[in-house]
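Heads up, the thing below is written out as structure tokens.
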Amino acid sequence: MSTEIEERVGNLLSSSQDTVSAGTSSSTSGNSAKLSSKAVETAKLKSTIEDDTATKRLNVELKQKQEKTRESEKVKAMISFREKLPAFKVKSEFMEAVANNQVLVVSGETGCGKTTQLPQFILEEEISSLRGVDCNIICTQPRRISAISVAARICSERGESLGDTVGYQIRLEAKRSAQTRLLFCTTGVLLRRLVQDPDLTGVSHLLIDEIHERGMNEDFLLIILRDLLPRRPDLRLILMSATINAELFSKYFRDAPTIHIPGLTYPVEELFLEDVLEKTRYLIKSEADNFQGNSRRRMRQQDSKRDPLTDLFEDVDIGSHYKGYSMITRQSLEAWSGSQLDLGLVEASIEYICRCEGEGAILVFLSGWDEISKLLDKIKANNFLGDTRKFLVLPLHGSMPTVNQREIFDRPPANTRKIVLATNIAESSITIDDVVYVIDCGKAKETSYDALNKLACLLPSWISKASAHQRRGRAGRVQPGVCYRLYPKLIHDAMAQYQLPEILRTPLQELCLHIKSLQFGAIESFLAKALQPPDALSVHNAIELLKTIGALDDTEELTPLGRHLCTLPLDPNIGKMLLMGSIFQCLNPALTIAAALAHRDPFVLPINRKEEADAAKRSFAGDSCSDHIALLKAFEGWKDAKRYGKERTFCWENFLSPVTLQMMEDMRNQFVDLLSDIGFVDKSRGAKAYNEYSNDLEMVCAILCAGLYPNVVQCKRRGKRTAFYTKEVGKVDIHPASVNASVHLFPLPYLVYSEKVKTSSIYIRDSTNISDYSLLMFGGNLTPSKSGDGIEMLGGYLHFSASKSVLDLIKETASGTG
Ligand code: CDP
Ligand code: MG
């Protein structure tokens with residue numbers, strides 16, 4: 001290598017005379033083509049060699065810098081910490097395997113150092129062997145928050161600032177520079193990069209983390225990479241997995257070698273519901289008499305008797321270790337999946353730990369945001385922990401704004417108990433160092449998809465054994481810990497080994513759009529190459545939906561609308577609503593409704609004050625016959641109240657969740673950034689420019705229709721009442737929580753709805769009454785009509801065509817065949 005450079009430097013010296021003279025002559029007189037081509041050649045060579053020398057200098061500098069930082073006391077301490085991690089023991093084996101194989105699968109217990117150490121080993125080695133400048137390592141994370149926290153952690157291990165050698169990039173946020181050699185990004189960011197750069201030019205190492213989670217993006221990426229590897233023989237691919245199922249991935253990549261990192265975690269004591277009840281009961285009994293909250297406690301005792309598990313075995317004495325659970329079967333497990341968690345039991349467990357156990361943070365796993373916010377409110381309202389100043393209660397959820405998330409990792413002030421209320425986001429990708437107690441409720445919100453009825457649900461269901469194992473492991477990171485499982489051992493035994501991969505239980509429209517934007521050809525044949533391919537009906541439904549909303553044309557190619565939707569990392573229907581909102585200057589309502597659709601609505605349903613809550617919601621809706629308008633008015637009311645610092649009272653009086661409203665506000669800002677990113681919103685024009693028609697309820701309903709189509713039911717009069725019909729499943733009912741549940745006759749003939757759910761019957765949730773004109777004009781395709789009979793809008797940017805599907809639908813439903 002060095003002799004080659006010397007040789008080329010020698011050549012440069014000998015030809016430098018030519019260059020100069022050639023340059024001079026060209027500037028003075030018209031010189032020969034031969035001379036000038038030689039000059040260009042030499043100039044090129046010169047710049048290559050200069051580049052080479054510059055590269056060499058930079059490589060040396062990089063190495064020196066790395067060596068220098070390693071002398072600092074802080075970094076030294078970090079190094080000795082890192083050397084104790086299990087990953088360190090396999091370092092040479094790992095580096096050798098990376099050098100000799102294109103694909104490698106690494107598995108190991110959570111906390112063994114996969115995410116923070118393996119990419120760092122590669123980085124350090126490359127820098128030490130003076131290849132630092134040319135190495136370009138990318139490590140993907142399934143979630144935004146882990147990409148940030150891991151990058152930050154590695155920087156502090158290396159004594160560098162974030163965005164220097166190590167950086168991160170997530171949607172709409174990045175800390176990276178020209179110096180960045182190791183980049184953490186979300187899987188979504190990498191997928192979007194592939195649109196521009198299908199060969200991942202310049203990437204030397206690609207690490208895909210948390211593949212055991214089998215997220216849809218990760219499964220999708222694996223298909224792409226398997227095709228890419230032969231084109232990029234120099235690219236190294238490393239798959240990292242927490243649990244044992246490594247063989248599956250190894251097989252997918254033609255029996256790629258695997259390395260297992262043996263765990264070194266502290267022992268974690270495991271308590272099941274039986275034991276937890278015993279403990280918390282003891283607390284209640286022994287202290288009840290000399291404690292003020294006597295009656296409340298008794299209530300809680302009754303609360304825990306209302307636990308659905310208990311209901312099923314009414315005659316079994318709770319104290320005697322839930323003998324009845326020997327009857328638990330897989331079916332009964334599934335039957336309970338939808339049931340509510342007993343938050344009283346969670347509260348009692350937290351209280352028990354705070355009172356009776358030693359120091360250490362508590363990590364509570366809950367199924368979703370609603371449970372987190374309920375528990376948060378409960379803890380704050382009850383003040384059951386005594387002096388709340390000594391407790392730091394922090395929510396942790398994937399869609400939280402990134403800034404607040406950092407608090408989670410910081411150690412709390414002295415004498416303060418940190419309590420983190422998290423979803424399964426904290427299961428394997430996020431490390432909270434000081435956790436000693438884990439409370440596991442055993443559930444996670446899981447999407448499921450019923451392709452036959454085209455029903456998608458997001459419901460809490462029992463986690464898998466693999467997840468339960470992960471959760472427990474979070475307690476034993478720095479010292480021995482305890483895991484409180486709020487379900488009996490027999491439920492644990494009946495849990496599935498692994499969770500079903502996301503690609504098999506989610507609607508596929510967003511994925512299909514992505515396949516088209518990456519120009520992978522026919523959707524079906526592409527998806528057939530997946531690790532576990534989705535079934536044909538699900539794929540068909542997704543393609544049909546994309547055609548119906550006008551994102552794909554008849555030949556399954558992207559339409560202009562489809563191309564715009566691809567650039568929004570959102571469900572295509574929600575994306576369409578946002579685009580239409582900005583085009584039709586009705587942006588604020590579109591943002592608010594989209595935020596509620598992408599997250600959840602802010603209405604809370606208190607069990608004992610249900611009627612008052614319903615009335616509050618109805619008063620927001622006025623006579624609009626619309627849950628979406630109710631939502632809009634509630635949000636606007638909250639914004640007004642906030643201006644006067646009255647938002648707490650406003651929420652309390654109107655049965656609204658302040659946490660959800662705040663979350664919606666944050667999401668709205670994110671959406672505006674997204675729209676401005678793709679040129680649909682120009683922030684410099686101010687909000688007014690996009691809200692000319694935001695107070696026009698008819699326009700709002702039209703935009704709703706554009707976003708929610710083809711979720712349409714026809715309202716048919718049956719005497720003094722109305723019956724509702726959809727095209728796919730026939731008769732449906734309106735969900736009791738909807739403002740439309742109490743409406744007998746509707747002024748307009750159709751309803752658009754957000755989702756249908758199947759419980760005792762098929763219900764449509766939030767709905768809005770719309771006219772046939774809205775449906776006709778905004779319902780179907782917005783594709784350029786090839787025959788030219790469409791209505792052209794926005795200078796040919798979008799065309800309106802009263803597409804056949806809309807007319808068909810109107811005719812069919814009107815004639816009663818729907
Ligand atoms: O990826 P894996 O679960 O194997 O482990 P990791 O995330 O690389 O973490 C390895 C160790 O680094 C953990 O056990 C923590 O002690 C420490 N760590 C930390 O203190 N703070 C972080 N933000 C991340 C990791
Ligand atoms: Mg990890």
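The values are calculated or read from the model by the stated rules, or taken from the named source; none is laboratory data. All values derive from a computational prediction rather than experimental measurement. Note that we place each Cβ from the backbone using ideal geometry, even for glycine, and neighbour counts take in every protein chain shown.
Annotations
- Within the range 239-259, residues that are more than 24 Å from ILE137 (Cα to Cα) reach partners that are within 14 Å of ligand 1 (Cβ to nearest atom) with beta carbons closer than 7 Å, at six or more positions or on different chains, in the pairs ILE244/SER107; ASN245/HIS212.
- Checklist (1) away from ligand 2 (no atom under 16 Å from the Cβ); (2) buried (at least 18 other Cβ atoms within 10 Å of the Cβ) applied to SER107, failing item: (1)
- Set ARG193, ARG143, ARG153, ARG158: member being more than 14 Å from ligand 2 (Cβ to nearest atom), modelled with pLDDT under 95 and basic (Lys, Arg): ARG193
- Note on the range 642-675: residues that are more than 21 Å from the chain's Cα centre (by Cα) and in a helix (DSSP H, G or I) total 11.
- Residues satisfying the stated conditions in the range 216-244, i.e. in a loop (DSSP other than H, G, I, E, B) and more than 16 Å from ligand 1 (Cβ to nearest atom): ARG232, PRO233, ASP234, LEU235
- Qualifying residue in the range 91-106 (condition: within 11 Å of ligand 1 (Cβ to nearest atom) and farther than 28 Å from VAL672 by Cα): yes
- Filtered residues of the range 419-458 (kept if in a strand (DSSP E or B) and among the β-branched types (Val, Ile, Thr)): ILE419, VAL420, VAL435, VAL436, VAL438, ILE439, THR447
- Any pair with Cβ under 7 angstrom, 6 or more apart, that starts in the range 393-419 at a residue that is of a type in the set (Asp, Glu) and ends at one that is at pLDDT 85 or above: GLU407/LEU394
- In the range 145-156, the residues that are over 14 Å from ALA426 (Cα atoms) reach residues that are within 7 Å of ligand 1 (Cβ to nearest atom) with C-beta atoms within less than 7 angstrom, at least six apart or across chains, in these pairs: ARG153/THR116; ILE154/THR116.
- Selection count where residues are of a type in the set (S, T, N, Q) and on the phi > 0 side of the Ramachandran plot, scope the range 440-481: 0
- Subset of the range 548-582 [surrounded by fewer than 19 Cβ atoms within 10 Å (Cβ to Cβ) and basic (Lys, Arg)]: ARG563
- When the range 199-210 is limited to residues that are within 16 Å of ligand 1 (Cβ to nearest atom) and under 19 Å from ASN101 (Cα atoms), the one that is surrounded by the most Cβ atoms within 10 Å (Cβ to Cβ) turns out to be ASP209.
- Residue ID - modelled with the highest pLDDT, chosen from residues in the range 245-267 that are within 21 Å of THR431 (Cα to Cα) and in a loop (DSSP other than H, G, I, E, B): PRO267
- Taking the range 137-189 as the region of interest, the strands (runs of 3 or more DSSP E) fully inside it that hold 1 or more residues being within 12 Å of ligand 1 (Cβ to nearest atom) and surrounded by 19 or more Cβ atoms within 10 Å (Cβ to Cβ) are 137-141, 182-186.
- Hits in the range 27-42 - residues which are part of a helix (DSSP H, G or I) and either at pLDDT 80 or above or exposed (fewer than 15 other Cβ atoms within 10 Å of the Cβ) (or both): SER27, THR28, ALA33, LYS34, LEU35, SER37, VAL40, GLU41
- Residues that are more than 16 Å from ligand 1 (Cβ to nearest atom) and in contact with a Gly (Cβ under 7 Å, 6 or more places away or on another chain) occur in the range 112-135; there is at least one.
- Selection from the range 196-226 of residues that are basic (Lys, Arg) and modelled with pLDDT of 95 or more: ARG226
- When the range 732-775 is filtered for residues that are exposed (fewer than 14 other Cβ atoms within 10 Å of the Cβ), in contact (Cβ under 8 Å) with a residue 12 or more places away in the chain and not in a loop (DSSP other than H, G, I, E, B), the ones remaining, listed by number, are SER742, LYS758.
- For beta carbons closer than 9 Å, sequence separation of 6+ or different chains, a first residue in the range 195-221 that is touching a residue at least 12 places away in the same chain (Cβ under 8 Å) and a second that is among the small types (Gly, Ala, Ser) and away from ligand 2 (no atom under 16 Å from the Cβ), the qualifying pairs are VAL195/SER517; ASN217/GLY188; ASP219/ALA530; PHE220/ALA530.
- Verdict on ALA246 being within 16 Å of ligand 2 (Cβ to nearest atom), over 23 Å from the mean Cα position of the chain (by Cα) and surrounded by 20 or more Cβ atoms within 10 Å (Cβ to Cβ): yes
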